Amino acid sequence: MKKVFIFGIIFVLIVGLAFSQAYRGKGRLRGVVKDKDGNGIPDVRVRLYHVKSAGGFEVKTNEKGVWVASWLRGGLWYIDFEKEGYLPKKISVTISELRRNPDVEIILKKLKAPVIPKELLDQLDKGNKLFADGKYDEAIEEYKKLLEKRPEFYQININIGNAYMKKEDYETAISYFQKVLEKDPKNAEALISSGNCYVELKDYKKAIEIFKQIDKEDINDPVVLYNIGTIFYNNGEIDKAIEYYEQSIIVKKDFVDSYYQLGLAYLSKGNNEKALENFNKYLEIDSTSDKAEQVKKFIEYLKKTKSP
């Protein structure tokens, strides 16, 4: 089975981006961050990370909640939104350098959990910087010190678990994600990360058992939805895979890879009409790549089988 690594909705998200500027291009993206009442939220940290170049930068929203990022290289970007007192959010966007990119509207929810005060955030940032630098043991120590001071911030166990995942100590990582699940059994990030670990341990049955506990509507990242769908697809649970692929398109209508996988999934079920529909949607977004050439061959085959 092809290994699929699923990116979770990290509790503290990407911090301390200090990369090269290989992410620079000609693309531009504009967005607005609002609360549930539709009011713009100022001073939200918007962190942009270009996957291919492994680089990124940060901007902030203005008094109306608006932010703008310029000189973006084409391709897949992860974007994190964070402000003290609000639940962080992570999305992914595919940037074009040739056409206008659609505006992004994000709604942040107020945190129900206690807010981490600034002095502890500084220590958290220290741990995150060590994590970003690959100093996982030192990062773990910083996170543990913070938890000793304020054990009510149990979500930091996710950061510790993520560090153990980087060390490929998956069983220990699971034990820290479990600490979160004991207090919050529906915590989507802890469930996703636990599932990731079982995938790495090749215990696919357990991974699927965990992924089934997640309400897919609680996942706002199409990449996460796509990858969970692929775990189900690779293990023969085609209907469940279709659910996640379709949800990823609800989150991001132009998420092209999900249209491709939906085409394959419906093809495997013998539903040629739905397969053709999704392959055609794929070509509306991407008509020039190597994968697009494969899709064209699928469409040609399906049209021939459809003909009397």
Going through K269, K205, K252, K216 one at a time, which residue ends up being closer than 26 Å to T305 by Cβ and of a type in the set (K, R)?
K269
Identify all residues within region 173-198 that are buried (at least 17 other Cβ atoms within 10 Å of the Cβ) and either of a type in the set (S, T, Y) or touching a Cys at 6+ places or on another chain (Cβ under 7 Å) (or both); write none if there are none.
A173, I174, Y176, S193, S194, Y198
Any idea which of L283, L267 is of a type in the set (A, V, I, L, M, F, W, C) and under 26 Å from the mean Cα position of the chain (by Cα)?
L283
Among strands (runs of 3 or more DSSP E) lying entirely in region 62-134, which contain 1 or more residues that are over 19 Å from the mean Cα position of the chain (by Cα) and touching a residue at least 12 places away in the same chain (Cβ under 8 Å)?
66-72
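The rows are residues; the columns are (1) touching a Gly at 6+ places or on another chain (Cβ under 8 Å); (2) surrounded by fewer than 17 Cβ atoms within 10 Å (Cβ to Cβ); (3) of a type in the set (D, E); (4) under 30 Å from D37 (Cα atoms).
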{"site": "I107", "(1), (2), (3), (4)": "no, yes, no, yes"}
{"site": "P117", "(1), (2), (3), (4)": "no, yes, no, yes"}
{"site": "G127", "(1), (2), (3), (4)": "no, no, no, no"}
{"site": "D133", "(1), (2), (3), (4)": "no, yes, yes, no"}
{"site": "E142", "(1), (2), (3), (4)": "yes, no, yes, no"}
{"site": "L146", "(1), (2), (3), (4)": "yes, no, no, no"}
{"site": "F153", "(1), (2), (3), (4)": "no, no, no, yes"}
{"site": "N159", "(1), (2), (3), (4)": "yes, no, no, no"}
{"site": "Y170", "(1), (2), (3), (4)": "no, no, no, no"}
Output the number of residues of region 55-85 satisfying the condition of being aliphatic (A, V, I, L, M) and either assigned by TED's automatic domain parsing to the domain that holds D257 or over 27 Å from Y226 (Cβ atoms) (or both).
2
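The values are calculated or read from the model by the stated rules, or taken from the named source; none is laboratory data. Since the structure is predicted, the reported quantities are computational estimates derived from the model, not experimental observations. Cβ atoms come from the backbone with ideal geometry, glycine included; neighbour counts cover every protein chain shown.
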